[in-house]
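See below for the structure under consideration.
The values are calculated or read from the model by the stated rules, or taken from the named source; none is laboratory data. Bear in mind the structure is a predicted one, so any value in this text is a computation, not a measurement. Neighbour counts are summed over all protein chains in view; Cβ atoms, including those assigned to glycine, are modelled from backbone coordinates with ideal geometry. Note: areas computed on protein heavy atoms with side chains; ligands, DNA, RNA excluded. Shrake-Rupley method; radii C 1.70, N 1.55, O 1.52, S 1.80 Å.
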Amino acid sequence: MTITELPVIAAVDGSSHSREALDWAAREAARRGLPLVIVHARTPIRRTGQETQQREAEELLTQSVRRVSEIAPDLHPSTLTPLDFPSAALTSLSRDASLVVVGSRGLGGFRSLMLGSNSLATASMAQCPVVVIHSGPSDEDEGEAAKAFPDIVAGVAADESSEAVQEFAFATAASRPGARLRIVHGWTMFSSMLSGGPVFDRDAAAGAAERTLAELTAGWREKYPQVEVVREPVGGSAARTLVTASATAALTVIGRRKGGESLGLGLSPVAQTTLTHALGPVAVVPC
């Protein structure tokens, strides 16, 4: 199986959030022409017996396959029921996946939490991009919402980490006819100083940020000439801009650095704020 054939993985647990994640994953797999694998992790420490857990898992997966057949009839998903904690199972499966899709909260989530622990852990540790689905339009309204808000929004830094984010964002926009790609780059006078740019002249710093963003996107615009690109250098909080943009975006794309997972350093403050407070689907791309 080549990298372009690696499956989309949808995590389900019976919650409304996971049903939204399943719907999104099914549509995305169909759009990209990829296989779909539906996963329900059976938690080892549950008090119910293994036979009961297995029966419940099979019932949930049967319902999920039936749901997918209504959304994307040409998809023929496979299913898995690993005996493991959800984030651990999904992180392991992510090594051989193109995308993992999870709901923002599962059955065990507190209503006061905007993001569940399994969703956060999976997004922080997975080896492939993870899409976290926040509650959005109903099934009936989702198609209309996609037409009304087709933009893909990507937050990029002025370093090598932007490559993976842009690769995923451009490919996603290219797979959605009519979608614009809005590329957001946050800058401050302090970041300008650290990069050797203007220190006291704010207009000069803004101009430098705009040139930096143009340089970052140049090669990708040549590779994907069909994608309309809007560059947005933002003076101040990039997280605030990304959260606001997520309300009217089909997908918001952010990066996370590899290598700091064991220390809890996978997500930067901008990435964690965006992921936690976003008003629509967010893709977290390992960089």
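Structural remarks
- Test result for Met193, more than 15 Å from the chain's Cα centre (by Cα) and either open to solvent by less than 70 Å² (accessible area, probe 1.4 Å) or in contact (Cβ under 8 Å) with a residue 40 or more places away in the chain (or both): no
- The condition of being more than 17 Å from His134 (Cβ to Cβ) and at pLDDT 90 or above holds for only one of Leu22, Leu93, Leu83, that being Leu93.
- Scanning the range 69-98 for residues that are closer than 11 Å to Leu36 by Cβ and under 20 Å from the mean Cα position of the chain (by Cα) yields Ala97, Ser98.
- Filter pass, Arg211 being within 29 Å of the chain's Cα centre (by Cα) and surrounded by 17 or more Cβ atoms within 10 Å (Cβ to Cβ): no
- Residue satisfying all of: in the range 101-156; more than 14 Å from His17 (Cα to Cα), small (Gly, Ala, Ser) and modelled with pLDDT under 65; most open to solvent (accessible area, probe 1.4 Å) among these: Ser112
- Which numbered condition Ala205 misses (of (1) open to solvent by less than 20 Å² (accessible area, probe 1.4 Å); (2) of a type outside the set (Lys, Arg); (3) touching a residue at least 40 places away in the same chain (Cβ under 8 Å)): (3)
- Strands (runs of 3 or more DSSP E) wholly inside the range 220-287 that include at least 3 residues being at pLDDT 90 or above and surrounded by 15 or more Cβ atoms within 10 Å (Cβ to Cβ): 251-256, 282-286
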